[in-house]
Amino acid sequence: MAVIHRNGLLRTLTTAGAVLAAGAVVAAGLTGADALKDRQAHMKEMGKASKAIADELKTGKADPAVIKPNADKIATNSKNIPTWFPKGSGPETGLKTKALPIIWTDPEEFQTKAHNVQVAAANLDAVADTGDMAKVGPAAKELGQACHSCHEKFQAKEKDD
């Protein structure tokens, strides 16, 4: 018989809610500019969570109360990355986006890179759940490398002004 700790149940319910909410974007059929704006909001949320983890690790005494919820947020959101890029939500919207057209012309590689991010995010989340903060740094680095690998191919570089 499995026993679910109250925090585990809360995390499960929170994760399920986030997945359903993100899935609703696809179910609602968002395309074009609305999908692009939704994607950017999700990516910014993941970026903020990643920064919070990195900043916490830099303190030298990482607090699990900061690491755990942010790792969970990244792991939950990363599962939905492929749904955030429907056809018609790229540069053709006329809005500012770093998403390169290759996302839609090479969907297999994009799916592979997105999957690698999901795996690394799940690993970081699992490590954070153990409370062993010494292992969080390497797991966060692995996630950063997976994110960078995807961005390297599928995201436009910042232009120097």
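Derivation of every value follows stated rules applied to the coordinates shown; laboratory data play no part. Keep in mind it's a predicted model, so treat the numbers as computed, not measured. Please note: Cβ atoms are built from the backbone with ideal geometry, for glycine as well, and neighbour counts cover all protein chains shown.
Numbers below:
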quantity	calculated
Checking residue 35 against (1) touching a helix residue (DSSP H, G or I) at 6+ places or on another chain (Cβ under 8 Å); (2) closer than 30 Å to residue 132 by Cβ; (3) in a helix (DSSP H, G or I); (4) not hydroxyl-bearing (Ser, Thr, Tyr), the condition it does not meet	(2)
Count of the range 44-69 residues which are of a type in the set (Gly, Ala, Ser) and touching a Lys or Arg at 6+ places or on another chain (Cβ under 8 Å)	1
Some residue of the range 138-161 being outside any helix (DSSP H, G or I), under 30 Å from residue 29 (Cβ atoms) and either touching a Ser or Thr at 6+ places or on another chain (Cβ under 8 Å) or among the aliphatic types (A, V, I, L, M) (or both)	yes
Considering residues of the range 45-65 that are touching a residue at least 60 places away in the same chain (Cβ under 8 Å) and assigned to a helix (DSSP H, G or I) only, the residue surrounded by the fewest Cβ atoms within 10 Å (Cβ to Cβ)	54
Residues (in a helix (DSSP H, G or I), surrounded by 14 or more Cβ atoms within 10 Å (Cβ to Cβ), over 17 Å from the mean Cα position of the chain (by Cα) and among the polar types (S, T, N, Q)) located in the range 80-115	93
